[in-house]
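Report on one structure; see the data block that follows.
Each value in this text was obtained by applying a stated rule to the coordinates, not by laboratory testing. A quick note: this is a predicted structure, and the numbers were derived from the prediction, not measured. Note: ideal-geometry Cβ built from the backbone for every residue, glycine included; neighbour counts use all protein chains shown.
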Protein chains: 2
Amino acid sequence: MQTANAQAAGGHPPHGPAHARAADRQAAQPEVSFDTDPSRYRHWKLAVDDDTATLTMDVAEDGGLVPGYELKMNSYDLGVDIELYDAVQRLRFEHPEVRAVVLTSGKDRMFCAGANIPMLAQSSHAWKVNFCKFTNETRNGIEDATACSGQSYLAALNGTAAGGGYELALACDQILLVDDGSSAVALPEVPLLGVLPGTGGLTRLVDKRGVRRDRADVFATTAEGVKGAKAVDWRLVDEIAAARDFPAAVARLTQAAAARSGRPARAKGIGLTPLRRATDGDVTRYDHLRTEIDRRAGTATLVIAGPAATPASLAELHADGAASWPLAAARELDDAILRLRANEPAVGTWLLTTEGDPAAVAATGALLLAHRGDWLVNEIIQFWKRTLRRLDTTSRSLIALITPGSCFAGLLLEVALAADRQYMLDGIFTEDDDPAPPAVIRLDEFNTGLLPAGSGRSRLQIRFPGSEPEARAAAAAAGRDLTAADAARLGLVTEIPDDLDWADEIRLVVEERASFSPDALTGMEANFRFAGPETPETKIFGRLTAWQNWIFQRPNAAGPDGALRRYGTGQRADYDRRRV
Amino acid sequence: MQTANAQAAGGHPPHGPAHARAADRQAAQPEVSFDTDPSRYRHWKLAVDDDTATLTMDVAEDGGLVPGYELKMNSYDLGVDIELYDAVQRLRFEHPEVRAVVLTSGKDRMFCAGANIPMLAQSSHAWKVNFCKFTNETRNGIEDATACSGQSYLAALNGTAAGGGYELALACDQILLVDDGSSAVALPEVPLLGVLPGTGGLTRLVDKRGVRRDRADVFATTAEGVKGAKAVDWRLVDEIAAARDFPAAVARLTQAAAARSGRPARAKGIGLTPLRRATDGDVTRYDHLRTEIDRRAGTATLVIAGPAATPASLAELHADGAASWPLAAARELDDAILRLRANEPAVGTWLLTTEGDPAAVAATGALLLAHRGDWLVNEIIQFWKRTLRRLDTTSRSLIALITPGSCFAGLLLEVALAADRQYMLDGIFTEDDDPAPPAVIRLDEFNTGLLPAGSGRSRLQIRFPGSEPEARAAAAAAGRDLTAADAARLGLVTEIPDDLDWADEIRLVVEERASFSPDALTGMEANFRFAGPETPETKIFGRLTAWQNWIFQRPNAAGPDGALRRYGTGQRADYDRRRV
């Protein structure tokens, strides 16, 4: 593929030893931060004009997150995608007036060449997998903005969209391709790189866009892609437009999308102010969240603090903005998940805990539930939904610890239900100086359908896969304080050790988890967390990701003679032809 | 786990160099044959008593398919499973009177210890993957016998069922466990072996048996498993019975299952006579099927011959038995698929063709359709269904070639629709001495729902994932001879080159396919073939298998210090603790 080859060939001596060294180097992994805002973007421009935003990709070649590669041809690395994630989030919270988003390119004749190949070639297996996971979550977030928030994304392909570039377009609600005789959409991963399109392309081609199965096969094996009328005929894009008609087509499509949107007319956005985060050794403190790493045990304990008070009204919630507990806590949890995933791979077990008053969590939840038609409340709820889905796709063992002083109600109980197991103390810690009363948990609508997992099912339905009666009995207990005995009877917790057994039992669980193969745990957890029916989202994480992980390890892709490593060198990959 | 450890420790010096050598050896792969019958079984006993069959697993320790391991404790390898597959098939065709099948063990206190670990440790990655695929297909076949054929399987666990042993039980309709204070069900793969249960255990636990998600996590990380009343409470088994009550419980459960069955009362079975197969170099000939391997091109051409004549009546079909075309052709295709998969891994592209009279195929199909309530006709139809599903799960590129003289109608057209692409000649081969008339294809009920893929959808629905109208338009053309132009208009074929272009186009397709990474093709094809909704069956092949493939390659499992290689040595695996 001419365009993607140019991506690699542009900056490197294609055959020289410098490139080979770059390819062999497993670059030292930097600490990854997800802090950014539009004033700091290096790769994107965000412009808002009335009800339409334009997000322009214009990747800085020298702006890679890690040394060793240049981001030619609007190719991207994790750093580019961190900015995209930030922009998609801000559009939802800071711009309630925006009903349509145009995703386009600032480069000439190239929308986006996809993930940067020299970056992939030099990256460790774990880095590649984590990069793909985050980019997938961001693309799912784009679809979620259209489906749940009335912000419709138009991929305005003013040049070729290849690989991850076309997959980004596939995540948009509509795709418009310039008809200039050369610009194409393409998935060149299989023919050129010996890997799969890693951000949902295969799944969305058939399950979202309804491309005929044999044409999907032809398309995904045609490096140069498909352009013009054929791209429309094959459903790869929705429309094409000549270059001179392109702006008018963009305007027409965005206006139509905006007209369909239920976004409010004159609402005032909420600024997503910088998170306050202070790290002292292995302890990181946010306003409402603390993470503590125990490296010997291989655990991170996440302590989410409940709200100090409940906003008196919807107006107060709006006035509090990013400082309001439900939004601030979600942002902090999201950030903590992303940072722990990217920076602490050896911390294999996360202990999920809370501190506070369950009644306050329930009251704050009740305020949200009473005003769920409000755009900001809706955004907060959808953000919790997406953050909980990040937990579902996190390759760590998740254990909820429910002890006196905790506040596992509604929104926060859902964090416990996302865990692989739940341990709840039966009674009090008698040796505490001033023992807190026994913990209770409380269900509300956040647990019975408002925060569905990727499959569209509630975590109660996923918990009781074969038993609607059990899921219904649990749901019927909503609104009541449930003791450990109640919770055990309803099947909402795994074990309810008492004071005498608690410390030993939790220690054993943690030690046991740390003694198992991390890879086997990841595979097992992914199978149980995605029980039940499937959607494109669950397929992307449960199936596509697993295949890609496999392929990323195979010598045909990642070996010294594999396609990823030889890409851009002018040498063809040397494949072991045996099928597995 | 005591029992599974005994499996490995029994025959090998647990720490000695002999074991280490066995583990390091990649055993030379024998040619695998699937020919067997009950008189030749080494590992199973099949006994039929009125309407109940008993299939007793009694694995011969020295009966491994490959040298280098002993099949202790009713552990199994591919050879054991080939016999099981044969028995399950014969019960359906040779024993119409059988309504319930008891699966039990001939060993004391051990039902089955699962796949043999030293075998896995010494096997190549490809061998492990292919072994798991076949065992999964056999277990799906057991479920299919219950669902579609009225033969209900009871797992009568007269001892511990561990790993693949318990997964075999999970594939049965009901599970009865002896309550003797020690016999348990267990999935020790994650805690002991650093891999996943590879034959559907994780999926069936939650999606079939409805085990609560957190309990599934506890169970699948508890090496010693669960026994007694807790196993019932957790839904891991349906019933328990003390040893003295065990035979009575088996009788009660099988009688109840038999009473629910719709199998015929006094039907006469069809003997599955040995297949006639002659190999001459790279050509293998069956009565109705020929396979030709072109090693340079990396292709196998499968030529299925249509029926010479159509049985005059249902009675004639019964009288012809295993010699009747629809049964014989399915058996030959099944055998060819299995043999090519196991023995020809470097042959990456299969060209699927037919020879004969489409009207004869359609007429034979019409006879089957007219008598689909007949037990034998039903078995033949279900066998075609399963054989086509084997194509779906085959890790080879499948290209259907539709040329003059072919007979792609109904049953055989479904072979083409299972392919990744379909090429149909538009017109005739003008340079032939006596050119056959242009090819036609013809749809009938076999294409519109009678042979669903693993997802439960027809291959027409899978072909047109986003377009019910297109699937309906194609279905509406059933019964008509469709020319290449018709087929192209209906979207039933990928390309319709004419005589001038045909040879070049097919050559290019084959060369192109051979130039791609076999691993990337396998992943891509699996994603497109399993478009649309999912079932436990599609999850097993599309998701679980992909995760297991990944894990099977990871150093934590397969490396020199990994769990699979260290199993039975007394040394713990040394894990890289970083999560990916």
Hey, which lysines would be in cross-link range of B:Lys72, C-alpha to C-alpha under 16 Å, not counting anything within fewer than 8 residues on its own chain?
B:Lys107
Hey, if you drop one equal point scatterer on each alpha-carbon of region B:273-348 and run the Debye formula without solvent, what base-10 log of I(q)/I(0) do you get at q = 0.15 Å⁻¹?
-0.55
For region B:42-194, state what percent of all Cα-Cα pairs lands in each successive 10 Å bin, counting from 0 Å until the bin that includes the largest distance.
12, 43, 35, 10, 0
Karplus-derived 3J(HN,Hα) from phi for region B:236-244 (6.51 cos²θ - 1.76 cosθ + 1.60, θ = phi - 60°), whole Hz, x at Gly and Pro, runs 6, 9, 8, 8, 10, 8, 4, 4, 6
Could you state the per residue volume, in Å³, of the convex hull enclosing the Cα atoms of region B:413-483?
100 Å³
If you place +1 on the Cβ of every Lys and Arg, -1 on the Cβ of every Asp and Glu, and leave all else neutral, what size is the dipole of the protein assembly as shown about its Cα centre, to the nearest 20 Debye?
200 debye
Determine the distance separating the Cα centre of region B:462-520 from the Cα centre of region B:425-457; give it in Å without decimals.
10 Å
Stokes-Einstein D for region B:318-458, Kirkwood Rh over Cα pairs, 25 °C, 0.890 mPa s (µm²/s)
155 µm²/s
Do you know the relative contact order of region A:433-580, to the nearest whole percent, from alpha carbon pairs under 8 angstrom that are 6+ apart?
18 percent
For region A:141-247, place one equal point scatterer on every Cα, skip the solvent, and apply the Debye formula. What is log10 of I(q)/I(0) at q = 0.14, 0.15 Å⁻¹?
-0.50, -0.57
Where labels lie 7 Å past Cα in the beta-carbon direction, separation of A:Asp35 and A:Ala322 in nm:
1.2 nm
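Summing -39500 (n - 2.57) over the DSSP H runs of n ≥ 4 in chain A and dividing by its residue number, what mean residue ellipticity at 222 nm do you reach, to the nearest 500 deg cm²/dmol?
Using -39500 (n - 2.57) per qualifying helix, the result is -12000 deg cm²/dmol.
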Average partner chain C-beta neighbours within 10 Å, per residue of A:540-546?
6
Post the alpha-carbon centroid distance, region A:204-244 to region B:202-259, in whole angstrom.
49 Å
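According to the Kirkwood expression over distinct Cα-Cα pairs, how big is the hydrodynamic radius of region B:477-580, in Å?
18.5 Å
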For B:Pro560, inter-copy label-point distances (7 Å, Cα→Cβ), nm, shortest first, read 1.8
So for A:Met524, B:Met57, fewest C-beta neighbours within 10 Å to most, what's the order?
B:Met57, A:Met524
Counting only other chains, what is the mean number of Cβ atoms within 10 angstrom of the Cβ of each residue in peptide B:189-196?
5
Quick one: divide the alpha-carbon radius of gyration of region B:346-402 by 2.2 N^0.38 Å and tell me what you get.
1.40
Taking just the alpha carbons, could you work out the radius of gyration and Dmax for region A:388-529, both in angstroms?
15.2, 45
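Checking a compactness column here: for chain B, what do you get for Rg(Cα) / (2.2 N^0.38 Å), N being the number of residues? Could the numbers behind the result be given before it?
Numbers: Rg = 24.3 Å, N = 580, 2.2 N^0.38 = 24.7 Å.
Relative to the 2.2 N^0.38 Å estimate, chain B comes out at 0.98.
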Let me know the Kirkwood hydrodynamic radius for the protein assembly as shown, please, with Cα pairs as the basis and the value in Å to one decimal.
31.2 Å
Determine the principal axes of the Cα atoms in region B:470-520, then give the extent along each, sorted from largest to smallest and rounded to whole angstroms.
38, 31, 14
Given q = 0.18 Å⁻¹, what are the Debye log10 I(q)/I(0) values for region A:219-314, with equal point scatterers placed on the Cα positions and solvent ignored?
-0.95
Tell me which lysines have Cα within less than 28 Å of B:Lys385's Cα, excluding those fewer than 8 residues away on the same chain?
A:Lys208, A:Lys539, B:Lys45, B:Lys128, B:Lys133, B:Lys208, B:Lys268, B:Lys539
In percent, how large is the relative contact order of chain A, given Cα pairs closer than 8 Å and 6 or more residues apart?
13 percent
Could you give me the percent of Cα pairs per 10 Å distance bin for region B:81-146, shortest bin first, beginning at zero and ending with the bin that holds the maximum distance?
17, 42, 32, 9, 0
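I'd like the projected area of region A:303-382, averaged over all directions, using the convex hull of its alpha carbons. Report it in nm² with one decimal.
For region A:303-382, averaging the hull's shadow over all directions gives 5.7 nm².
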If you average 1/r over all unlike Cα pairs in region B:534-580 and invert the result, what Kirkwood radius do you get in angstrom?
11.9 Å
Quick note on B:Trp325, B:Trp44, ordering by fewest other C-beta atoms within 10 Å, gives B:Trp44, B:Trp325
Taking A:Thr104, A:Thr36 and counting other C-beta atoms within 10 Å, the order from fewest to most
A:Thr36, A:Thr104
Distances from A:Asp37 to the same position in the other copies: list them in nm, one decimal, shortest first, using label points 7 Å from Cα along Cα→Cβ.
8.1
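Applying a 10 Å radius around every beta-carbon, put B:510-517, B:94-101, A:270-277 in order of their mean neighbour count, most first.
Most protected by this proxy first, the peptides run B:94-101, B:510-517, A:270-277.
Classify region B:356-439: rounded, prolate or oblate, from the alpha-carbon gyration tensor (a ≥ b ≥ c, eigenvalue square roots; a/c under 1.5 rounded; otherwise prolate if a/b is larger than b/c)?
Verdict is oblate for region B:356-439.
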